[in-house]
Amino acid sequence: MPILKEGELDIISHSAEQTQRLGQRLGRLLRAGDLVCMTGDMGAGKTVFASGIGQGFGSTTPVTSPTFNLAHQHSRPQDKLLLYHLDCYRLRDAADAISVGLDDILDGTHVAVLEWAERIRAALPPERLWIQFRVREEMRRNLILEASGERHRQLLELFRESAFGF
């Protein structure tokens, strides 16, 4: 078992359904300005988790892979808050991210969920929730969450309480 620092959480998910439920729990907690950055190999569970985030957030449309469109925008009926879901796989670097309007998405008035975030790390603000996905076995995934900044550390603690009751 890894030794975790404050602001970190290490989870093993035993199924896609469990990964999605974890995403739902996080999605319920998100508010304007929150940034969730996901990284990991193809098929590691990033889009499944993002789909759960959308469900928990209350999106009126399903969160699916935005690979061909780069970004999808999702709304929810109770307010004007938007969730942006970006797939950064085709972006080469921070300059690419800025050229497609990342600054507008990260202006603090929306929620942003990024897949393949490591590709544009230099363009991202230091305050964020970073989630590393690792394939352990065919159905098992390891999620390592690391929060940077006061709001995201608070978000991680709320998520821990929601998911595990402590």
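Values as computed for the structure displayed
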read-out: Among the residues listed as Ile131, Ile120, Ile98, Ile105, the single one being of a type outside the set (Phe, Trp, Tyr) and farther than 22 Å from Glu146 by Cα; value: Ile98
read-out: Boolean, Gln154 is exposed (fewer than 15 other Cβ atoms within 10 Å of the Cβ), modelled with pLDDT of 95 or more, assigned to a helix (DSSP H, G or I) and on the phi < 0 side of the Ramachandran plot; value: yes
read-out: Looking only at the stretch 40-77, and only at residues there that are within 14 Å of Val111 (Cβ to Cβ) and assigned to a loop (DSSP other than H, G, I, E, B), the one that is modelled with the lowest pLDDT; value: Val63
read-out: Subset of the stretch 79-89 that is within 9 Å of Trp116 (Cα to Cα) and assigned to a loop (DSSP other than H, G, I, E, B) - its residue that is nearest to the chain's Cα centre (by Cα); value: Cys88
read-out: Residue that is farthest from the chain's Cα centre (by Cα), among those in the stretch 30-59 that are closer than 22 Å to Pro77 by Cα, surrounded by 19 or more Cβ atoms within 10 Å (Cβ to Cβ) and of a type in the set (A, V, I, L, M); value: Leu30
read-out: So Pro126, is it assigned to a loop (DSSP other than H, G, I, E, B) and in contact with a strand residue (DSSP E or B) (Cβ under 9 Å, 6 or more places away or on another chain); value: yes
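The values are calculated or read from the model by the stated rules, or taken from the named source; none is laboratory data. What you see is a predicted model; the values in this text were computed from it and never measured. Because the Cβ atoms are built from the backbone with ideal geometry, glycine has one as well, and the counts that use them run over all protein chains shown.
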